[in-house]
Structures are given as structure tokens and as C-alpha cells.
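For reference, the structure is listed below as C-alpha cells.
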Amino acid sequence: MTNIASMIDHTVLKPAVTYDDILKLCEEARQYHFASVCINPTWVGMAYEQLKETDVKVCTVVGFPLGATTTEVKTFETKQAIQNGATEIDMVMNIGAFKSGDYESVEHDIASVVEATDTSIIVKVILEISFLSEEDIQKASRLAILAGADFVKTSTGFSDSGATTKAVRIMRQTVGPDKGVKASGGIRDRKTAEDMIAAGASRLGASAGIKIVEET
């Protein structure tokens, strides 16, 4: 049986999150042995202190949620997050540049974030699939891997829709078996989580991680 907990990034990214919310998130992550906590950059140092003696990683977001910050800002965010204790970076692709057909700029944007890390840091690229056709999803996935990313990720959770099994399947087929696929957005129960895994997801982003794990 799949250990779903070890595949979940236990996530809180809403604007009004408080210190106590992050404490609770870290406590839950320790208890359930989630893969990581996924939080906004301002909380990285605190989460690192809470989790440094555990098997739970600290994941943060870069260029979130629009992907429209400059490459220089994304690079700075990445370096600062790593200094503060993050070991996983979920960056948002420059969606506007991609939709404009400026693929060279998109690849450079991703590669710059990757280059700001070292080999111990996992970089996931959020494609925001609600804006993309099937062909776009394939193209964006290829660009991300070509630029050196470790994972492609479906969604921020802040757009019109989240993960779909169809998109996850396309992403897995495109990146192959050796790269990661993270399904995120709208995964609120165990059935949906299992469907995403069956479609090819190797990581799940969810704020409902406890509910997913405890459902039978």
C-alpha cells in the first residue's frame, strides 16, 4: 500500500496565515511524517527551527502566485529561502511569457532559479495548467526539465482550477519516470489523491493532508 503521507506537501499558503497556524502545521507534519511543509517565504526560518530535527522538509514558493516577478527577484527569493532553511523551492513559471511564445525567456527564468540552488535543493516548476492547453502542458513540462528542474507541478491553488488526472498523466508522459510530478490544487480527499498518484503524481500538494491520510 502506498504511504500517502510521505508524498504530501502539507500546505498553508493563504495570506492571513499566522504564527500559530505555522506552528500547528509543523506539529501536524511531524506527527504524520509528511514529505514537507509548503509555506510562504516569510515563515521559512521559523519552520526550519521547528523541523530541523525531523524528517520533514521545508518547502517554499517563489514568484508566487502569478509567476510575473522578474528573474532577478525570483533568484533572490530562492537564495534567501535557502539561507533561511528551505530545501525545496516551488517556483511559478512566467505564464505570460510562455503564452506569448517567449520560450527562451521562460527557460532562462527557470534555469536561473535552478542555478541559484545546489544539488541538495529540489526545484519544482508550477505550470498553472488552468491557463494551458494539452500541447502547452507538454511544452512547458519539457522546458522545465530542460532548464534543470526536478519536478513539474500542476497549479498554485490560486487560479480557476487545480490539478486534473489528465494533466498529471500528460506531465508524467512528458518528463518520463526519473523526474517528479506534483499534483496540487483541489486535492481534498483520499480518492482524489489516489487518482492523482495512479495518473503519475509522485508528490501531492494539499492543505487537507490529515483528512486524506485518515480516510479509509
Inset, instruction - May I ask you to verify whether Glu28 is surrounded by fewer than 23 Cβ atoms within 10 Å (Cβ to Cβ), closer than 28 Å to Leu132 by Cα, modelled with pLDDT of 95 or more and among the charged types (D, E, K, R)? - result: no
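Within the range 186-198, which residues are within 17 Å of the chain's Cα centre (by Cα) and either surrounded by fewer than 23 Cβ atoms within 10 Å (Cβ to Cβ) or in a helix (DSSP H, G or I) (or both)? Give the derivation first.
Applying the first criterion (within 17 Å of the chain's Cα centre (by Cα)) to the range 186-198 yields 186-188, 193, 196-197.
The answer is Gly186, Arg188, Ala193, Met196, Ile197.
Inspect all residues belonging to the range 112-121 and state whether any of them is in a helix (DSSP H, G or I) and under 21 Å from Leu13 (Cα atoms). If you could, list the steps in order and put the result at the bottom.
Within the range 112-121, the first condition is being in a helix (DSSP H, G or I), and the residues that meet it are 112-115.
Now narrow it down to the ones that are under 21 Å from Leu13 (Cα atoms): 113.
Yes, because at least one residue in the range 112-121 is in a helix (DSSP H, G or I) and under 21 Å from Leu13 (Cα atoms).
Going through Glu53, Glu88, Glu104, Glu49 one at a time, which residue ends up being acidic (Asp, Glu), without any contact (Cβ under 8 Å) to a residue 24 or more places away in the chain and closer than 26 Å to Ser6 by Cα?
Numbers: Glu88 fails: without any contact (Cβ under 8 Å) to a residue 24 or more places away in the chain; Glu104 fails: closer than 26 Å to Ser6 by Cα; Glu49 fails: without any contact (Cβ under 8 Å) to a residue 24 or more places away in the chain.
Every option except Glu53 fails the conditions.
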Inset, instruction - Confirm whether Asp136 is farther than 29 Å from Phe34 by Cα, of a type in the set (Asp, Glu) and free of Cβ contacts under 8 Å to residues at least 24 places away in the same chain. - result: no
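State yes or no: is Ala97 without any contact (Cβ under 8 Å) to a residue 24 or more places away in the chain and buried (at least 17 other Cβ atoms within 10 Å of the Cβ)?
Details: without any contact (Cβ under 8 Å) to a residue 24 or more places away in the chain: yes; buried (at least 17 other Cβ atoms within 10 Å of the Cβ): yes.
When the stated conditions are applied, Ala97 passes them.
When the residues of the range 9-52 are filtered to those that are small (Gly, Ala, Ser) and assigned to a helix (DSSP H, G or I), which remaining residue is farthest from Ile82 (Cα to Cα)? Steps first, answer last, please.
Step one: filter the range 9-52 for residues small (Gly, Ala, Ser), giving 16, 29, 35-36, 45, 47.
Cutting the leftovers down to assigned to a helix (DSSP H, G or I) gives us 29, 45, 47.
Details: Ala29: 20, Gly45: 9, Ala47: 12 Å.
Within the range 9-52, the match that is farthest from Ile82 (Cα to Cα) is Ala29.
Which of the residues spanning the range 171-184 are surrounded by fewer than 23 Cβ atoms within 10 Å (Cβ to Cβ) and either assigned to a helix (DSSP H, G or I) or small (Gly, Ala, Ser) (or both)? Write out each step before concluding.
Just the residues of the range 171-184 that are surrounded by fewer than 23 Cβ atoms within 10 Å (Cβ to Cβ), to begin with: 172-180.
Matches in the range 171-184: Arg172, Gln173, Thr174, Val175, Gly176, Gly180.
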Inset, instruction - Examine the range 69-90 for a residue that is assigned to a helix (DSSP H, G or I), closer than 20 Å to Leu13 by Cα and under 14 Å from the mean Cα position of the chain (by Cα), and state whether such a residue exists. - result: yes
Inset, instruction - Please specify each residue of the range 54-81 satisfying the condition of being crowded, with 22+ Cβ neighbours inside 10 Å and farther than 14 Å from Ile110 by Cβ. - result: Val56, Val58, Cys59, Thr60, Val61, Ala81
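The values are calculated or read from the model by the stated rules, or taken from the named source; none is laboratory data. Computed from a prediction, not measured in an experiment: that's the story for all the values here. Glycine gets a Cβ as well: all are built from the backbone with ideal geometry, and neighbour counts include every protein chain shown.
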